[in-house]
């Protein structure tokens, strides 16, 4: 039997919630472990920002257990999601210290389901890169498996927080792969939900022309399913209808499929973009697991779409959003020198966005909608699509530096992330599955894409593959975090608890 302090970093959220409800551990004790773990991790990996440790300790001490998770330590991504009492920056020196005075709908749902946040996690500037290396963060967010490589982006800090065991569940968002990229880089599970399923309001109705969604990153599928039970569902006044929600996503993941599934496998890239052998090997692991489960996997042609044209449309929409955000701040603070505060690529995006015509923006949105129709038609032949999450293993730090023009940056991003933003355009659910480690020991993810609104089925098949590939055996074990939690246990005298699931 190991001490609870050492087990804390490997237990999932539902197991910790069970301990809370059975009174084997208190909310304050859990928060102390989480903060101790964050303090141990951050000097090495730089994943946390805008801490509110004292406030979180006080909140946990007076909290009553509620929702699925009771009083579970949690962190919000520094992506601008309003959460009362939380400062943020969207990864930018221009926006640093922005304070939320009220909760967004999603933040309120997280609180109601038993999450207590003790700070935010790092992002690239304005969440517009596949790595997390914003100057605002004082250095890059590093990959736990290899600190010379990126943890991914834009939910890079959130992925590190989960992979290293600081929290079992962390808030993330995905506008072009920003949950799936860091999940693949850090060897954890990341689900991008269907458009409209998780609320954006009330201050906003959508992000990036309908591409962006909110969600969580986790180590286990069941934690993602349980979290979605608490946060998903219709929001009054939302511009997109929410897909039909089952009574419980968590209850669905242990069900069997009523027939063998037909799964399309993508092994090529549009415009002859190369896919690394490690990523194809990971795809093979998932394919063999699906076949052993009785499903059919077929080598399928790519959907017939203009990939380069889509990338250009994505760049236009990102530039328009960058310009809007910066201009809103300048209207309130006209003396701010944004040319000194913004990194070169984002400054370029701001300038391009200010030059963008209304007709070009509408054309970009129409391109998104066209991609959605093409992919929806394609999916009528298949139940799921299986593809590499990224075209190669985690990028080296500095490879996607913001010290360049925005268009060239985003075109290089498209070669790295390939199909991810396309799935944002179509609104389909998709998850990155941590099924493989390459010979260098780096995680390599595989993407599972479902039909629009089939989030329950994506979670269910993910859970089946989780068991079949035994990906829990491949996850990161952080002895530094466990040692620091052990010190916290000795300081507080927390009792041992028996091992859970």
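The values are calculated or read from the model by the stated rules, or taken from the named source; none is laboratory data. All of these numbers come straight from a predicted model, not from anything done at the bench. Cβ atoms come from the backbone with ideal geometry, glycine included; neighbour counts cover every protein chain shown.
Checking each residue in segment 128-144 for being closer than 17 Å to residue 476 by Cβ and surrounded by fewer than 24 Cβ atoms within 10 Å (Cβ to Cβ) picks out only 142. Residues in segment 365-397 that are crowded, with 22+ Cβ neighbours inside 10 Å, more than 30 Å from residue 144 (Cα to Cα) and in contact with a strand residue (DSSP E or B) (Cβ under 8 Å, 6 or more places away or on another chain): 384 only. Condition first: in a loop (DSSP other than H, G, I, E, B) and under 18 Å from residue 471 (Cβ atoms). Now tell me which residues in segment 252-279 satisfy that. Answer for segment 252-279, where residues must be in a loop (DSSP other than H, G, I, E, B) and under 18 Å from residue 471 (Cβ atoms): 253, 254. With respect to the conditions (1) out of contact with any strand residue (DSSP E or B) (no Cβ under 8 Å at 6 or more places or on another chain); (2) in contact (Cβ under 8 Å) with a residue 24 or more places away in the chain; (3) surrounded by fewer than 14 Cβ atoms within 10 Å (Cβ to Cβ), residue 260 falls short on a single one, namely (1). Candidates are the residues of segment 15-31 that are touching a helix residue (DSSP H, G or I) at 6+ places or on another chain (Cβ under 6 Å) and surrounded by fewer than 24 Cβ atoms within 10 Å (Cβ to Cβ); the one that is farthest from residue 99 (Cα to Cα) is 25. Scanning segment 332-354 for residues that are over 23 Å from residue 407 (Cα atoms) and in a helix (DSSP H, G or I) returns a single hit, 332.
Restricting attention to segment 40-63, does a residue exist that is under 18 Å from residue 222 (Cβ atoms) and not in a loop (DSSP other than H, G, I, E, B)? No, because not a single residue in segment 40-63 is under 18 Å from residue 222 (Cβ atoms) and not in a loop (DSSP other than H, G, I, E, B). Could we say that residue 456 is modelled with pLDDT of 95 or more and either buried (at least 22 other Cβ atoms within 10 Å of the Cβ) or at positive phi (or both) here? Spelling it out, residue 456 is indeed modelled with pLDDT of 95 or more and either buried (at least 22 other Cβ atoms within 10 Å of the Cβ) or at positive phi (or both). Just one of the numbered conditions (1) assigned to a loop (DSSP other than H, G, I, E, B); (2) modelled with pLDDT of 95 or more; (3) surrounded by fewer than 24 Cβ atoms within 10 Å (Cβ to Cβ) is not true of residue 101: (2).
So that you can scan it fast, the table gives a plain yes or no per residue for (1) farther than 23 Å from residue 267 by Cα; (2) out of contact with any helix residue (DSSP H, G or I) (no Cβ under 6 Å at 6 or more places or on another chain):
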site	(1), (2)
298	no, yes
306	no, yes
313	yes, no
332	yes, yes
335	yes, yes
340	yes, yes
344	yes, yes
350	yes, no
355	yes, yes
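Here is a check on your reading of the model: is residue 326 surrounded by fewer than 22 Cβ atoms within 10 Å (Cβ to Cβ), more than 30 Å from residue 393 (Cα to Cα) and touching a helix residue (DSSP H, G or I) at 6+ places or on another chain (Cβ under 7 Å)? The answer is no for residue 326.
Please work out if residue 93 is surrounded by fewer than 20 Cβ atoms within 10 Å (Cβ to Cβ) and in contact with a helix residue (DSSP H, G or I) (Cβ under 9 Å, 6 or more places away or on another chain).
Numbers: surrounded by fewer than 20 Cβ atoms within 10 Å (Cβ to Cβ): yes; in contact with a helix residue (DSSP H, G or I) (Cβ under 9 Å, 6 or more places away or on another chain): yes.
Yes, satisfied.
Taking the residues in segment 212-221 that are surrounded by 23 or more Cβ atoms within 10 Å (Cβ to Cβ) and touching a residue at least 60 places away in the same chain (Cβ under 8 Å) as candidates, determine which candidate is farthest from residue 472 (Cα to Cα).
Quick first cut of segment 212-221, residues surrounded by 23 or more Cβ atoms within 10 Å (Cβ to Cβ) only: 213-221.
The next check asks that each one be touching a residue at least 60 places away in the same chain (Cβ under 8 Å); those that pass are 213-214, 217-221.
Numbers: 213: 26, 214: 24, 217: 15, 218: 12, 219: 8, 220: 8, 221: 11 Å.
Among those residues, the one meeting the criterion is 213.
Quick check on segment 71-88. Is at least one of its residues in a helix (DSSP H, G or I), surrounded by fewer than 17 Cβ atoms within 10 Å (Cβ to Cβ) and modelled with pLDDT of 95 or more? No; the residues of segment 71-88 include none that is in a helix (DSSP H, G or I), surrounded by fewer than 17 Cβ atoms within 10 Å (Cβ to Cβ) and modelled with pLDDT of 95 or more.
Selection of segment 393-428 for residues being more than 14 Å from residue 131 (Cα to Cα) and part of a loop (DSSP other than H, G, I, E, B) yields 404, 405, 418, 419, 427, 428.
Answer with yes or no whether residue 188 is surrounded by 24 or more Cβ atoms within 10 Å (Cβ to Cβ) and under 20 Å from residue 421 (Cβ atoms).
Details: surrounded by 24 or more Cβ atoms within 10 Å (Cβ to Cβ): yes; under 20 Å from residue 421 (Cβ atoms): no.
Answer is no for this residue.
Tell me, please, whether a residue that is free of Cβ contacts under 8 Å to residues at least 24 places away in the same chain and either surrounded by fewer than 19 Cβ atoms within 10 Å (Cβ to Cβ) or more than 22 Å from residue 154 (Cα to Cα) (or both) can be found in segment 224-231. Walk me through how you get there before you give the answer.
Filtering segment 224-231 for residues free of Cβ contacts under 8 Å to residues at least 24 places away in the same chain gives none.
No, because not a single residue in segment 224-231 is free of Cβ contacts under 8 Å to residues at least 24 places away in the same chain and either surrounded by fewer than 19 Cβ atoms within 10 Å (Cβ to Cβ) or more than 22 Å from residue 154 (Cα to Cα) (or both).
Right, residue 431: under 27 Å from residue 300 (Cβ atoms) and either assigned to a strand (DSSP E or B) or at pLDDT 95 or above (or both) or not? Taking the combined requirement at face value, the residue satisfies it.
This table checks each residue for (1) farther than 30 Å from residue 205 by Cβ; (2) part of a helix (DSSP H, G or I); (3) modelled with pLDDT of 95 or more.
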{"site": "281", "(1), (2), (3)": "yes, yes, yes"}
{"site": "291", "(1), (2), (3)": "yes, yes, yes"}
{"site": "309", "(1), (2), (3)": "no, yes, yes"}
{"site": "316", "(1), (2), (3)": "no, yes, yes"}
{"site": "325", "(1), (2), (3)": "no, yes, yes"}
{"site": "330", "(1), (2), (3)": "no, yes, no"}
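I'd like the full set of residues that are assigned to a helix (DSSP H, G or I) and either touching a strand residue (DSSP E or B) at 6+ places or on another chain (Cβ under 6 Å) or surrounded by fewer than 19 Cβ atoms within 10 Å (Cβ to Cβ) (or both), limited to segment 355-364.
Residues of segment 355-364 that are assigned to a helix (DSSP H, G or I), as a first pass: 355, 358-364.
Across segment 355-364, the qualifying residues are 355, 358, 359, 360, 361, 362, 363.
Any residue at all in segment 449-458 that is assigned to a helix (DSSP H, G or I) and in contact with a strand residue (DSSP E or B) (Cβ under 6 Å, 6 or more places away or on another chain)? Looking for residues that are assigned to a helix (DSSP H, G or I) and in contact with a strand residue (DSSP E or B) (Cβ under 6 Å, 6 or more places away or on another chain), one finds at least one in segment 449-458, hence yes.
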